[in-house]
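The values are calculated or read from the model by the stated rules, or taken from the named source; none is laboratory data. Just so it is clear, the structure is predicted and the values come from calculations on it, not from any experiment. Positions of Cβ are backbone-derived with ideal geometry, glycine not excepted, and every protein chain shown enters the neighbour counts.
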């Protein structure tokens, strides 16, 4: 009998129209980092919510140190020493780090808050585990990585010994990810048991001891990381082989579809222009990628291009037609499709049904309306067609509320809508953000397919792998300017990194050449 | 085999109906009404314990004997309810229904007194004038919101006052309309009054029928047209609406204008209503008071969940309970008590949705103990059970009424 600190045995949890967890068993050893791997919607978060007391399972039982326990709410979980860092932090922005950590377990003396002791304990903990934070800083003033450390400290402060991390790296920069993974290793070495929810295989290979894989709500298996490979894990997760390289043949680009000349876009956050004097061309049948570190003007570039923001100066020509001052609708109608960066803010009306979202760009076309009356039958048929062709999965088909769909399927819906719409130019902004490998592979294949169909594709991405694998041509955006043009066949990730960090740039002449 | 299929289909349908959002909000509204009545009863019990039961009976049943009046008083608040609810669908809080209502009333009055038209069309033109007046008073806050991003709540509150003072001033300065010795407007000719429906002892008139037709038209606009699609999309997520190329500014102005028009028609309906006493008519007293019907419209829209058809029901209900409330004075209650009860109902409607799901959970827990149902069916059954529960509540209310 091995020494398991937590056992979740035969857990079954259902939601309307979907079995989120179907007879799942997960056993956590003391002092190990146990990864929980699965695609979006595989049931990882649900399983952890059951453990944390946010949901109650219909069947199955939970044991701690071999004894059966009932967890009805997060307080029960806390008493059993189970803590969780949620994907979206649960912090009070206007409180200090200290105040957030003691929230709920405030030490009181004669009816007044007694903070000194807690402060010492926090400083002690943060030194012990290398979690650098300043207890008196306001949450709203510190970085996301720092906020996450506060969440971890919260668990440690309450003496939790089982720590759940729900996709902790999704919000971090590469440097912060390295730090976090080190912190997790240290915690495990100190005897804490960690459950690590993720769909990033590299991170699992880096830190985890064992990994449990879920697929579509079912238990697939638990493997030792030492004796497995990335390929093996991804096969377990998706149920088929996944290629990490993007299949694509060389194509000779055709005519210029999109031509941007000296585009300048103002910034909303500071006085300087966020995009300065950018010129570029995108031809039919090529994928041009705009690479860069987040916050170098990518969002503003896209806003300017798609019409969400007015240009300060410059011209945009789409298929020979000047659209610099055209409305969003006019740009869309003249052949621009746009997969937006933020699918919840721009991409979807979450309280609309899937079918209503699928016609969001086209509801005004004669196909979907007559005399301003929406043709509901057409809408339904069209939605069913797209759902089938693009394999969009949801609880109730066309009438599913967009809000209730998984992130990957929401993105598929947007991609289906934008690709199926008549277009010559596809602007895809971080189309794979937050998605699992299966969905990423799918989206990359759709981009390549679009290119092969003779469309011009402009990809804006922060992921180096994506930039290198998918694009035919790379333009690097640094502080609002295009600082280099690279050929993914010839360049290396290191060189690309130097451009992105601003350490290297093409000479003036070369840059201008890039714009022609 | 076939029977099985049919049964499946039927179950699917029931699930479809019970899980329909409109149905859920109706349930929530009923819940709110029930709780509001309970608290209302407690208030009456505290105020005058000896007459509380008699008074509460008037509240519940008093409207029964005066159904014509219920519909008559429901007419203007149905229109202001639509005015608030329609804008609410776009995420705009049109608190200016009072001003739009007053403006609509003035326009209708002006046409009634100053235009010479054949009797059969005069009242129709006057109603239309009210529509225009309300539209203007909705249009201006709309413009401010769309072009200058001024919060519509603030502008429309201001326009309640501006509208009311302007109308009072215009009326007092107009000898044709104003009877200064009686400090009210003069009687409107009977030909300009809206034809009565002929229910004895009540002023109920064609207005209620027109109002219901307008509600149905608004429902169709909201649910079936591209304009409604845009409007609701903007209400849910204005960023996505912008991304999809919808003209947000134009839609804001249009929505506020239509909403204002609704309230304006409400004002016209109120002033053009026929009088039971021959030779008289409705009158307006320019005494610097903001029209209460505008604010009641907010309550009506909230209780009706901003749904045009729900608004028909909620306007009728609030009118019903107000009619009953006025009767409580027979047993010594102030009519204000009914205002408190209505306010409580609105207050509860705000968290009625939460109550609804709490009850569903409670039943689920109880069911889970009683017997083990097949898992896949639990959800739809729970919803059905919630519904049954509401019917029980309804029965209880009726029982209390007796």
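Restricting attention to the range A:334-346 and to residues that are facing another protein chain (nearest Cβ under 8 Å) and modelled with pLDDT of 90 or more, the residue that is surrounded by the most Cβ atoms within 10 Å (Cβ to Cβ) turns out to be A:338. Given the criteria modelled with pLDDT of 90 or more and under 21 Å from residue A:471 (Cα atoms), does residue A:440 qualify? Criteria not met by residue A:440.
Checked against (1) crowded, with 19+ Cβ neighbours inside 10 Å; (2) modelled with pLDDT under 95, residue B:129 passes all but condition (2).
Where in the range A:41-156 are there helices (runs of 4 or more DSSP H), lying wholly inside it, with at least 3 residues that are in contact (Cβ under 8 Å) with a residue 40 or more places away in the chain? Lay out the reasoning, then the answer.
On the way: elements: A:44-52, A:74-79, A:97-102, A:116-128.
Ranges flagged: A:44-52, A:97-102.
Screening residue A:95 with (1) modelled with pLDDT of 90 or more; (2) buried (at least 18 other Cβ atoms within 10 Å of the Cβ) gives one miss only, at (2). Against the list (1) in a helix (DSSP H, G or I); (2) within 14 Å of another protein chain (Cβ to nearest Cβ); (3) out of contact with any strand residue (DSSP E or B) (no Cβ under 8 Å at 6 or more places or on another chain); (4) surrounded by 21 or more Cβ atoms within 10 Å (Cβ to Cβ), the condition residue A:408 fails is (2).
Here is a check on your reading of the model: is residue A:329 at the interface with another protein chain (Cβ under 10 Å from one of its Cβ atoms), out of contact with any helix residue (DSSP H, G or I) (no Cβ under 9 Å at 6 or more places or on another chain) and within 12 Å of residue B:244 (Cβ to Cβ)?
Yes: the conditions hold for residue A:329.
Scanning the range A:375-388 for residues that are under 21 Å from residue B:221 (Cα atoms) and either surrounded by fewer than 19 Cβ atoms within 10 Å (Cβ to Cβ) or without any contact (Cβ under 8 Å) to a residue 12 or more places away in the chain (or both) returns A:375, A:376, A:377, A:378, A:380.
Scanning the range A:39-54 for residues that are at pLDDT 85 or above and touching a helix residue (DSSP H, G or I) at 6+ places or on another chain (Cβ under 6 Å) yields A:52, A:53.
Here's the yes/no breakdown for (1) more than 23 Å from residue B:291 (Cβ to Cβ); (2) crowded, with 24+ Cβ neighbours inside 10 Å; (3) at pLDDT 90 or above:
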residue	(1), (2), (3)
B:43	yes, no, no
B:50	yes, no, no
B:59	yes, yes, no
B:62	yes, no, no
B:66	no, no, no
B:82	no, yes, yes
B:93	no, no, yes
B:114	no, no, yes
B:118	yes, no, no
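With respect to the conditions (1) under 30 Å from residue B:90 (Cβ atoms); (2) in contact (Cβ under 8 Å) with a residue 24 or more places away in the chain; (3) in contact with a helix residue (DSSP H, G or I) (Cβ under 7 Å, 6 or more places away or on another chain), residue B:150 lacks only one, and its number is (2).
State yes or no: is residue A:367 free of Cβ contacts under 8 Å to residues at least 24 places away in the same chain and more than 7 Å from chain B (Cβ to nearest Cβ)?
Details: free of Cβ contacts under 8 Å to residues at least 24 places away in the same chain: yes; more than 7 Å from chain B (Cβ to nearest Cβ): yes.
Here the answer is yes, as residue A:367 does meet what is asked.
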